[in-house]
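Participant: Dumping the structure here so I can ask a few things about it.
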Amino acid sequence: MVREIEFRSNQKLIEKFRRASYGETITHVLDEFDEPAHHFALFDKKGSVLGVTRVLRSDEVRQFEMMRESQLKDLVLPSAKLSLELSRACTVKGSAGVHLLSLCMGINEYAVKNEAEYLITKTGKHLLSLYQHFGFTTFGPPFVSDFFEDKRPIYPIMYRWTTVKREEPQEAEEEVLVW
């Protein structure tokens, strides 16, 4: 189950997951985006935390983390409607991506409930095709992150929720049978 958690009271837990996931490659384990972000945790049936992530909302922050990357300063959000940025997703080691997928499903529920139009995030080339399989598209050039010492290219990607407008049932016209 994915639940929103409060940052300050869970700061040590979030820091622990990030250190375990990113090791020495992350330059700032906690940053200025943590305070305004919505943080989420994935729990198992016993209440143990299996993963954490954070979401920034375009209606609550002036700029997403991704737009602070020196190589992406000119990147613009695809819409004036609500967009979300997912970042710092970390799960327990050895989960083969299952926990990451569960976290993403929880964020999907949050996005739909809040009527978000876009979710943006970033990924390495090794996961790009997987994200594309789930409907993500790239929306900017690959870049090297200022926030990690790993200098492999990262791709900005986005997902757009499509809303199907339900048509109101129309009153049936009166039928006249002729013999």
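Participant: So ASN108 fits all but one of (1) at pLDDT below 90; (2) closer than 23 Å to ALA37 by Cα; (3) in a helix (DSSP H, G or I); what number is the exception?
Facilitator: Here ASN108 meets the rest and fails (1).
Participant: Taking TRP179, is it farther than 26 Å from LEU30 by Cβ, open to solvent by less than 40 Å² (accessible area, probe 1.4 Å) and either at pLDDT below 90 or touching a Ser or Thr at 6+ places or on another chain (Cβ under 7 Å) (or both)?
Facilitator: No; evaluated as a whole, the condition is false for this residue.
Participant: Something else now. What number of residues in the range 41-56 are over 17 Å from ALA20 (Cα atoms) and under 11 Å from the mean Cα position of the chain (by Cα)?
Facilitator: Looking only at that region, the number is 2.
Participant: Being within 22 Å of PHE148 (Cα to Cα) and not small (Gly, Ala, Ser) is the filter here, so list the residues in the range 81-96 that pass it.
Facilitator: Residues satisfying the conditions are LEU84, GLU85, LEU86, ARG88, CYS90, THR91, VAL92, LYS93.
Participant: Where residues in the range 82-119 are open to solvent by 80 Å² or more (accessible area, probe 1.4 Å) and either among the aromatic types (Phe, Trp, Tyr) or touching a strand residue (DSSP E or B) at 6+ places or on another chain (Cβ under 8 Å) (or both), which of them is nearest to ARG18 (Cα to Cα)?
Facilitator: Result: MET105.
Participant: When the residues of the range 132-150 are filtered to those that are at pLDDT below 85 and exposed (fewer than 14 other Cβ atoms within 10 Å of the Cβ), which remaining residue is nearest to the chain's Cα centre (by Cα)?
Facilitator: It comes out as ASP146.
Participant: Counting just the residues of the range 1-40 that are within 18 Å of LEU86 (Cβ to Cβ) and of a type in the set (Lys, Arg), which one comes out least open to solvent (accessible area, probe 1.4 Å)?
Facilitator: ARG18
The values are calculated or read from the model by the stated rules, or taken from the named source; none is laboratory data. These numbers were taken from a predicted model, which means no experiment stands behind them. Methodologically, a virtual Cβ is constructed for each residue, glycine included, from the backbone with ideal geometry; neighbour enumeration extends over all protein chains shown. The protein model used for the area step is the full one, side chains on, heavy atoms only, and it has no ligands, DNA or RNA in it. Shrake-Rupley method; radii C 1.70, N 1.55, O 1.52, S 1.80 Å.
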